[in-house]
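Working notes, structure below.
Since every read-out is calculated from the coordinates, none of them should be taken as a lab result. Just so you know, these numbers come straight off a predicted model, no measurement behind them. For neighbour counting, all protein chains shown are included, and Cβ atoms are generated from backbone atoms with ideal geometry for every residue, glycine included.
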Amino acid sequence: MIEFDHEIPSMQTIEEVLSYIKQRVAVSKPGDWIWVKQVFLTRLKEQRYPTREELDRVAPENPVVFRTGPDASVNSLALKLAGIDEDWKVDDGGTGFAEKDPETGKLTGILRNCSRYLTPESGLKSPTREDRKASLRKLFADYNRVGITAVAERDASRNEVELYTSMHQNGELSVRSYLSLHIDSIQPIEEIRARVQSVAKGDLYSGDSMLRMAAVKAYLDGGMLTGSAYMLDPWGTSQLYGITDPEYRGIQFIPDEKLVEILRICFENNVQFMAHSVGDGAVDAFIRACETLEGDFDIRQQRPVICHSNFMAPDAIERVARLGITADIQPSWLFLDGRTLVGHFGIERMSRFQPLRQLFAAGAIAGGGSDHMQKIGSLRSINFYDPWKAIWVTMTRRAHWLDQPIRPENALSRVEAIRFFTINNAYLLQAEKEYGSLEAGKLADFIVISNDILTCPVDEIPNTKVLSTYVGGNLVFEQKADR
């Protein structure tokens, strides 16, 4: 519903960001919060955050938040209203901090994992329940248009679960939907236990072939594109990410001991656990927690999921394969942000970035996703959810604005790329016996496409058109082939 109040333009420069904020100021009251969400600084021409001073200049009477993931760049009024000054520290048991200029000690306006301290009072129109349902119907239809028959909602709130349930009861789902209930790791462990148990005892735990919820989702670290993913080695100082400490390695949101306890609770209740884990340090922490419990539980049977798993040390690949930990990886990050990441980390360190070939060779199960966040439209969305472009990225390792592929030794074959987006995803959703391949006894989810992606030139794969889409043998989309 990000565009319910107004259409949000594509922003590719700092000036376009500031221009959009000025437009919102013109139609807002003084004091209204103005949010710019998920415009990744790595995709801006200047490749940096808008500064506190720039935000002050265009919105002196409105608090402004330029938020990407758990991090944000804010203006002076937003800092004041949040009670954040030079002496401020996180006080709710969570992690995070406010960046300071190393020379002056003044706040830069960049907040690491502190968006929860910002309390928006927006003048935007609020969608009704029916508005949300209409938007989901439109989105699901577009998923069907590009050949998607099942989705994983990786961070569902209680309200979103209720919305999916209502739509399912009314026969309005055209994609199989697998939900993961959000859990806030800051909560006391007993509250987390109660939330996990509510999933295990809920009506959707077993569900049916169209709607199911048997998983929970937490956040283990920050973002790769905001400079807060938790890494094994220091990030390195960077104007792009606003990093001034040469020893800074990002932020691990959940302490090791608590992570083990959360996993134990999930395993005891047979609820699948997944954690947003971007950096190789966060991935290592996830694996170590599973190793701690290896003697008490069959990890392979539990199928815990490392969401994103963008950076993986070589030993991590072997460990996830041995334990049966799974990985949910999105190639859109490679295509859209590879240039920035190569520029910051260097091509050698990028050998750890989305090492798909190594995962397949080790026998680990990795599935492909989109990390679709905002907007409807398979290529205009953040991030793109067009599976044909994503398949092409896994096979070529090509990135926007780069002439050479990124670590092409980690590219997948055609068959592996198809498995990555079909049967492997069904395995991650614990549904490989129901769908993910065309076999006797499975549900008839299939598509008819315009070309043979096993034989056509590789660069024609992104141009693949879906002619028809079937879910459970029922036609949910059809179009005529181009002549």
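Computed values, structure above
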quantity: Sorted by Cβ neighbour density within 10 Å, fewest at the top, the residues Leu204, Leu181, Leu402; calculated: Leu402, Leu204, Leu181
quantity: Rotationally averaged projected area of the range 14-117 (alpha carbon convex hull; nm²); calculated: 6.6 nm²
quantity: Rg/Rg_ref, the range 259-418, where Rg_ref = 2.2 N^0.38 Å and atoms are Cα; calculated: 1.05
quantity: Percent of beta bridges antiparallel (DSSP, the chain, rounded to nearest 5); calculated: 40 percent
quantity: For the chain: Kirkwood Rh in Å [reciprocal of mean 1/r, alpha carbons]; calculated: 23.4 Å
quantity: Efficiency of FRET from Cβ geometry, Glu46 and Thr237, R₀ 30 Å, rounded to 0.05; calculated: 0.95
quantity: DSSP beta bridges in the range 14-117 [antiparallel fraction, %, rounded to 5]; calculated: 70 percent
quantity: Rounded Å value of the spacing that divides the Cα centres of the range 134-157 and the range 423-469; calculated: 16 Å
quantity: The chain, relative contact order [Cα under 8 Å, separation at least 6], %; calculated: 11 percent
quantity: Alpha-carbon centroid distance for the pair the range 1-76 / the range 341-400, whole angstrom; calculated: 27 Å
quantity: Cross-link partners of Lys465 among aspartates and glutamates (Cα-Cα below 12 Å; sequence separation of 8 or more within a chain); calculated: Asp386, Asp452, Glu478, Asp482
quantity: Residue pairs, from the table Lys22/Lys45; Lys37/Lys442; Lys80/Lys138; Lys29/Lys217, whose Cα atoms sit over 29 Å apart; calculated: Lys37/Lys442; Lys80/Lys138; Lys29/Lys217
quantity: Cα pair count fraction exceeding 13 Å, expressed as % - the range 1-60; calculated: 63 percent
quantity: Euclidean distance between Cα centres, the range 261-291 to the range 183-246, Å; calculated: 10 Å
quantity: From the C-alpha gyration tensor of the range 111-216, square roots of 5λ in Å; calculated: 25, 21, 13
quantity: For the chain, calculated [θ]222 nm from helices alone, where every DSSP H run of n ≥ 4 adds -39500 (n - 2.57); calculated: -9500 deg cm²/dmol
